[in-house]
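As structure tokens, the structure follows; a few thoughts come after it.
The values are calculated or read from the model by the stated rules, or taken from the named source; none is laboratory data. Not measured: the values here are computed from a predicted model. Please note: Cβ atoms are built from the backbone with ideal geometry, for glycine as well, and neighbour counts cover all protein chains shown. Calculation scope for accessible area: heavy atoms of the full protein, side chains included, ligands and nucleic acids excluded. Shrake-Rupley method; radii C 1.70, N 1.55, O 1.52, S 1.80 Å.
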Amino acid sequence: MKKILIIAITTFGMMLTASPAISAESISSLRGDHDLNAGANKAIKSKQTTQKDGFGRSYKQQPPMIPHKIDKDKITLKTNTCMKCHSKATYKKEKAPMVGKSHFMSRDGKELKKVSSRRYFCNQCHAPQNSAKPLVGNNFVGTKYVPGK
Ligand code: HEC
Ligand code: HEC
């Protein structure tokens, strides 16, 4: 027991003396040497973009983007307000599309009565859109897939 303690203390001591050798200047990242906090208060508060008939999909399996505001929506263990409009029971009345059929499948391919727990946290896959300029340009062109056509 005593031996282990001595080894532990000496190792810890060695770590302490070795650490000053790694100085901040020797690390260079893509961000360069900009202070993380500088400019942190200048966040761009661009607005969420909404679109009446949805954004369309770029490929068949794409989770469609959210075309409406979601600031009042809540997804917690107890409630999921998205389902007030997108569930089997409510979608017709709310004139909203029902959650995809795939959302009722267990991982073994069995059809479930309720939305699968794998699809419970909607914004894990469905994202709202923002008017912010892309940080990096790209020339991606989608397939303009339209469900059911
Ligand atoms: C008050 C009702 C309501 C609530 C709450 C709601 N939605 Fe919607 N949602 C709609 C309607 C209606 C549409 C149809 C498009 C439109 O007119 O905005 C829609 C469209 C969508 C679409 C686009 C589907 C497509 O094929 O393009 C997605 C994705 C979506 N909602 C996800 C969500 C998520 C995720 C939440 C919760 C964070 C949510 N919605 C909450 C009513 C609602
Ligand atoms: C693991 C990713 C994932 C999660 C989580 C998820 N979805 Fe989806 N969703 C998709 C994909 C992929 C599609 C397109 C394929 C399909 O219809 O299944 C889709 C399609 C949809 C559609 C369009 C259906 C149609 O027929 O046009 C709506 C509406 C939707 N999801 C709402 C929701 C809501 C509400 C939740 C939360 C309860 C949710 N999704 C959770 C991936 C996801």
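Calculate, in whole percent, how much of the Cα-Cα pair population of the stretch 98-149 lies beyond 13 Å.
Values: 970 of 1326 pairs.
Tail of the P(r) past 13 Å holds 73 percent of the pairs.
Report, by chain and number, residues whose modeled amide H sits under 5 Å from the one on MET105, excluding near sequence neighbours (fewer than 5 apart, same chain).
Those qualifying (amide H under 5 Å, at least 5 residues apart or on another chain) are LEU112, SER116.
Express in Å², to the nearest 10, the accessible area of TYR120 obtained by rolling a 1.4 Å probe over the protein heavy atoms while all chains stay in place.
Accessible area, nearest 10 Å²: 60 Å².
Aspartates and glutamates near LYS101 by alpha-carbon distance under 12 Å, same-chain residues fewer than 8 away left out - which ones?
Correct list for LYS101: GLU111.
Could you list, in their original order, any pairs among LYS88/LYS144; LYS72/LYS110; LYS47/LYS88 whose Cα atoms are separated by more than 29 Å?
LYS72/LYS110; LYS47/LYS88
Which aspartates and glutamates have a Cα lying under 14 Å from the Cα of LYS84, excluding residues fewer than 8 positions away in the same chain?
ASP73, GLU94
Tell me, in nm to one decimal, what length is gained between LYS47 and LYS144 on full extension, where the rule is 0.36 nm per residue of separation less the Cα-Cα distance?
Value of the extension gain: 32.4 nm.
Between SER116 and ASP35, what is the label-to-label distance in nm when each label sits 7 Å out along the Cα-to-Cβ direction?
Label at SER116, label at ASP35, 4.9 nm between them.
Throw me the Rg/Rh for the stretch 47-149, computed over C-alpha atoms with Kirkwood Rh, two decimals.
Expressed as Rg/Rh, it is 0.98.
About its Cα centre, how strong a charge dipole does the stretch 47-149 have in debye, to the nearest 20, once Lys and Arg get +1 and Asp and Glu get -1 at the Cβ?
Working: 23 positive and 6 negative charges, 62 e Å.
That gives the stretch 47-149 a dipole magnitude of about 300 debye.
Amide H of ILE66: which non-local residues (sequence gap of 5 or more, or other chain) have their own amide H closer than 5 Å, using H built in the peptide plane?
For ILE66, whose amide H was placed from the backbone, the distant partners under 5 Å are ALA127, GLN129.
Report the extension gain between LYS92 and THR79 in nm, rounded to one decimal, defined as 0.36 nm multiplied by the number of residues separating them, less their alpha carbon distance.
2.6 nm
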